[in-house]
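The values are calculated or read from the model by the stated rules, or taken from the named source; none is laboratory data. Remember, predicted model here, so these are calculated numbers, not experimental data. Ideal geometry is used to build each Cβ from the backbone, glycine not excepted, and the neighbour counts take in all protein chains shown. What goes into the accessible areas is simple: the full protein's heavy atoms, side chains included, and nothing from ligands, DNA or RNA. Shrake-Rupley method; radii C 1.70, N 1.55, O 1.52, S 1.80 Å.
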Amino acid sequence: FRQTQLFFDTPFLMYLVGHAGPERQEPCKELISLLENSGALLRCFRHTVDEAKGILEAIGHRMHRSDIASLYGPSVDYFLMQGLSSSDVFLLQSRLERDIQSFGIRIVEKPDYAEGLYPYVIDELELKRELQEQIKYRNESALDRDVESIAAIMRLRRGRYTYEIEDSPAVLVTTNSALCRVARDFITREAGEPGAVPPAITDKLLTNLLWLKRPFDAPDLPRKRIIADCYAAVQPSDRLWAAYIHEVEKLEQRGNITADDYYVLRYSLEARKALMEVTLGDETAFSQGSV
């Protein structure tokens, strides 16, 4: 890399510091190691760290109030399976910055809107509209953070378009492939530079590129990547899990299942496995009788 700054998004950072389990953490650690050996500048925006802290704080407060019925996601599920308390989660929140920095990632502020950067300011309202239209964000703040990150990357580039990632001044590394696609199409239309390095790429794509160039630096990476992908593939999607939890809640409120039944259906690994076996991960295959 030639002074390339790589900025990591919230889910990647949560995976990296181990807040979603070792299966998701290992390939992230290998990627960071490869990037360090390749001379990349590892970064994350302050607003990204604030978002991650906010997630942990929300989980901690919900756990403290025993209001976790509707909570779901990789971090929540991992914390519950590990038996963590609200105090444990608040401790993780307080240590988050140190944990991120321990991997050599520097936390920086996004560039401001100074007069000298005005030519590189993108139409953030239009980007937000397109992201919401095509991705259907459930969380408005997550949408705003993604827009902030893409816009900041373009200001850092100062109008410089490159065709090799090693030459790019700044790139956002994200787990969200849909964000990469929409941002790429949007910037291509605005800049008229088809084929240029997009403002965001997935961690998987970056891992593939790096490993193909330096395979002997991380000989176990393909195995760890496959394990992480397989682990993710056998987990229900957020939409499927939300529908499942909603149905479990209704059954419990109606008195159709006992408190013990509810606990098993909501928190056990066996229930997740059974849900995937019944639906094969297809949201349309889920019905009231599935539970």
Suppose every K and R has +1 on its Cβ and every D and E has -1 on its Cβ; what is the size of the dipole of the chain about the Cα centre, in Debye to the nearest 20?
480
Computed over the chain: longest principal axis from alpha-carbon atoms vs helix 124-135 long axis, angle to nearest 10 degrees, is 40
Portion, in percent, of the accessible area of the chain that falls on carbon or sulfur, probe 1.4 Å:
51
Reviewing (i) 0.94; (ii) 1.05; (iii) 0.99, the figure for Rg/Rh (Cα atoms, Kirkwood Rh) actually calculated from this model sits under (iii)
For the chain, what is the accessible area per residue in Å² when the probe is 1.4 Å?
51
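So if each residue of separation counts as 0.36 nm, and I subtract the Cα-Cα distance between K213 and S287, what length gain in nm does that give?
Once the chain is fully extended between K213 and S287, it gains 22.0 nm.
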C-alpha long axis of helix 177-191 to longest principal axis of the chain, angle in °:
30
Sequence-distant or interchain residues sharing an amide H contact under 5 Å with A170, placed H: which?
Q5
A40: net charge of surrounding residues, Cβ under 11 Å, Lys/Arg +1, Asp/Glu -1, itself excluded?
0
Modelled label-to-label distance, H246 and S268, 7 Å Cα→beta-carbon offset: nm?
2.5
Using the alpha-carbon atoms, what tilt in degrees (0 to 90, nearest 10) does helix 86-101 show relative to the longest principal axis of the chain?
20
What net charge is computed for the residues neighbouring D9, neighbours being all others with C-beta under 12 Å from the C-beta of D9, Lys and Arg scored +1, Asp and Glu -1?
-2
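How high is the relative contact order of region 132-291? Use alpha-carbon pairs under 8 Å, at least six apart in sequence, and give a whole percent.
Once normalised by length, the contact order is 16 percent.
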Which number gives the lysine pairs in the chain that have C-alpha atoms under 28 Å apart and are eight or more places apart or on different chains?
25
Cβ-based charge dipole, region 158-271, positive-most Cα from S268, L179, T162
T162
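If each residue of separation counts as 0.36 nm, what is the full-extension length gain between N256 and R98 once their alpha-carbon separation is subtracted? The partial results should precede the final answer.
Details: separation 158, 0.36 × 158 = 56.88 nm, distance 4.66 nm.
Using 0.36 nm per residue and subtracting the Cα-Cα distance, I get 52.2 nm.
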Could you work out the helix-only [θ] at 222 nm for the chain, with each DSSP H run of four or more residues adding -39,500 (n - 2.57) and the total divided by the number of residues, to the nearest 500 deg cm²/dmol?
-19000 deg cm²/dmol
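Could you order the peptides 1-14, 196-209 from most to least packed, using the average number of other C-beta atoms within 10 Å per residue?
Details: 1-14: 21.4, 196-209: 19.4.
Top of the packing list down: 1-14, 196-209.
Could you tally the net charge around A200, taking each other residue with its Cβ under 11 Å from the Cβ of A200, Lys/Arg +1 and Asp/Glu -1? Display every interim value, and only then the final one.
On the way: positive: R181, R184; negative: D9, D146, D203.
Net charge in that neighbourhood comes out at -1.
Assign one of three labels to region 4-130, namely rounded, prolate or oblate, based on the Cα gyration tensor with a ≥ b ≥ c the square roots of its eigenvalues; rounded applies when a/c is under 1.5, prolate when it is not and a/b is larger than b/c, and oblate otherwise. Walk me through the intermediate numbers first.
Numbers: a/c = 2.27, a/b = 1.44, b/c = 1.57.
Note, shape of region 4-130 comes out oblate.
Below 8 Å between Cα atoms, with a sequence gap of 6+, how large is the relative contact order for region 1-136 in percent? Could you put the intermediate results ahead of the total?
Details: 114 pairs, mean separation 39.4, N = 136.
Relative contact order, region 1-136: 29 percent.
If you filter region 118-184 for trypsin sites (Lys or Arg not before Pro), then keep DSSP loop positions with at most 14 other Cβ within 10 Å, what is left?
On the way: sites: K128, R129, K136, R138, R145, R155, R157, R158, R160, R181, R184; in loops: K136, R138, R158, R160.
When the trypsin sites (Lys or Arg not before Pro) of region 118-184 are filtered for loop state and at most 14 Cβ neighbours within 10 Å, K136, R138, R158, R160 remain.
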So how far apart, in nm, are the two label points at D67 and S141 if each is 7 Å from Cα heading toward Cβ?
1.4
Could you grab the relative contact order for region 1-72? Cα pairs under 8 Å, six or more apart, rounded to a whole percent.
38
